[in-house]
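Here's the structure, in structure tokens; my notes come after.
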Amino acid sequence: MSKPPVLTVDGVAQAVRLSERVHWIGALDPTLRTFDIILKTANGTSYNAYVVRGDAGVAIIDTVKENFAGDFFARLESVARYDEIKVIVLNHLEPDHTGALPELMRRAPQAQLYISQKAQSMLKALLKQDAFDFTPVMTGDKVSLGDRTLTFFHTPYLHWPDTQCAYLVEEKTLFSGDVFGCHFCDTRLFNDEVGDFRFSFEYYYAHIMRPFKEYVNRALILIEPLPLNKILPAHGPLLRDQPQRYVQRYRELSSPALQSEISAGEKTLLIFYISSYGNTRRMAEAIYEGAMAVEHVRVSLYDLEGSEITPFVDLIEGADGILFGTPTINGDAVKPVWDLLSSLAVINLKSKLGGVFGSYGWTGEGVKMVEDRLRGLKLRVPIPGIRIKLIPTEEEIQICREFGHDMAQDLMGLRQPKVIDMADLA
Ligand code: FEO
């Protein structure tokens, strides 16, 4: 183990050398416990920013959260003068990386800002001024610092529309923004020196990147071919030891699990229910029976009482269709259903088929409420939900079978639109 980096001298924050031309000038936030309201962190986070020196000028890559600007500027001043700064790259405009930007622009007014095309309107909103200069860049665009060159890769939705990565060609170093980052604060900085941060890395992926797996896979197509000496993310350890492992892990996390269990051409339909007196359960079983009659649909039936939420979220992520059965109690759907629905923000649900059913005693609002929620989550709800008062009759059980059958057929693209005879409306 090498000596830990010197972060301060006589109480003044110092830059940390990563190579002859690259320094870390970020800030540590060890007492943070909740990030962005939703993310927990057991030992804080870091806001990583960097200086790159070329023989024709200096580039600053990202800044830090506003409260930490003091450390950022002190570190910057320990390795560069403001009048040397030619380029400021913002890989992502969220305030934890742009908090010190207005002051940096004031101190280095000659510097040109480089942001992704998608970041333009955000930058205006952030700086609250119209007249400032910036260069929007796309994948493949380059900026020269003389004997050092930065190339940009547009990697949208990792995890905002504006996100991009910058690659320092001569040093095979990727400044990756939030990608490959995590909330883990450790003064030893480097991945081969810090404590065990695997949990934080996976947790960060699960909460920040997982909803955008499709975009992660697209970004990996750009990143995987790059020779990599280091990945320098915007949070957490600096990945200098086997950086490719983290790229590989992103690929694994973004690939469908147990793909081979479902054969090509098959669709998966999950039915979740919870039942007080067995009535919603009877409906669920009839819907299951009806759906099972459709070829090439793999149907599963789950009682929400029987599991923790996390495995169900994983199942839903891989499913093509999801049906929810809920009783109505005191004018609302029941808590286990809401708990599951409120846990789905970490996955992409767009265009999955959704549907709702349930038994009720008085008013039965729960079904409609859940249906609205499914639409809000961007599921496709092709058939209105079914509600049955108390114990389903044999005719009503048959309606449930048909509901399941129709949903499964819809999933396979086989459902015929209902033809309404105008005579029936008279
Ligand atoms: Fe670290 Fe999305 O900001």
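The values are calculated or read from the model by the stated rules, or taken from the named source; none is laboratory data. Computed from a predicted structure; not experimentally measured. So basically every Cβ, Gly included, is an ideal-geometry build from the backbone, and we count neighbours across all protein chains shown. When the accessible area is computed, the model is the full protein with side chains, heavy atoms only, and any ligands, DNA or RNA have been set aside. Shrake-Rupley method; radii C 1.70, N 1.55, O 1.52, S 1.80 Å.
General observations
- Intensity falloff of the range 149-221 expressed as log10 I(q)/I(0), Debye formula with alpha-carbon point scatterers, at q = 0.19, 0.28 Å⁻¹: -0.87, -1.20
- Choice from His159, His207, His97 showing the highest fluctuation, given a GNM over the chain with Cα pairs closer than 10 Å: His207
- Of all DSSP beta bridges in the chain, antiparallel share, percent nearest 5: 45 percent
- Rounded to the nearest 20 debye, the dipole size of the chain about its Cα centre is 700 debye, using +1 on the Cβ of Lys and Arg and -1 on the Cβ of Asp and Glu.
- Local electrostatic count at Ser46 - Lys and Arg +1, Asp and Glu -1, tallied over other residues with Cβ under 9 Å: -2
- Radius 13 Å from Cβ of His159, net charge of other residues (Lys, Arg +1; Asp, Glu -1): -3
- Per residue value of the accessible surface for the chain (all protein chains in place, 1.4 Å probe), Å²: 46 Å²
- Dipole axis of the chain (+1 Lys, Arg; -1 Asp, Glu on Cβ), positive-most option in Val89, Leu126, Ile231: Val89
- Across all C-alpha atoms in the range 235-312, the radius of gyration and Dmax reach 19.5, 58 Å.
- Taking the convex hull of the alpha carbon positions in the range 232-387 and averaging its projected area over all directions gives 11.5 nm².
- For the range 185-287, the C-alpha radius of gyration sits at 1.59 times the compact-globule guess of 2.2 N^0.38 Å, with N the residue count.
- Pro5 sits among other residues whose Cβ lies under 13 Å from its own Cβ, and their net charge, with Lys and Arg +1 and Asp and Glu -1, is +2.
- Most tightly packed first, judged by the mean number of other beta-carbon atoms within 10 Å of their residues, the peptides 176-189, 336-349 read 176-189, 336-349.
- Considering only Cα atoms, the convex hull volume of the chain works out to 188 Å³ per residue.
- Modelled FRET efficiency - R0 41 Å, Ala293 with Glu202, Cβ distances, 0.05 increments: 0.55
- Taken over the range 63-168, the convex hull of the Cα atoms encloses 99 Å³ per residue.
- For the range 8-253, the Kirkwood estimate of hydrodynamic radius, built from reciprocal distances between every pair of different alpha carbons, is 17.7 Å.
- Here the Debye sum runs over all C-alpha atoms of the range 299-426 as equal scatterers in vacuum, and log10 of I(q)/I(0) at q = 0.10, 0.11, 0.15, 0.17 Å⁻¹ comes out as -0.34, -0.41, -0.75, -0.96.
- Taking the alpha carbon gyration tensor of the range 1-48, multiplying each eigenvalue by 5 and rooting it gives semi-axes of 25, 12, 11 Å, largest first.
- Sum of -39500 (n - 2.57) over DSSP H runs of 4+, divided by residues of the chain (222 nm, nearest 500): -8000 deg cm²/dmol
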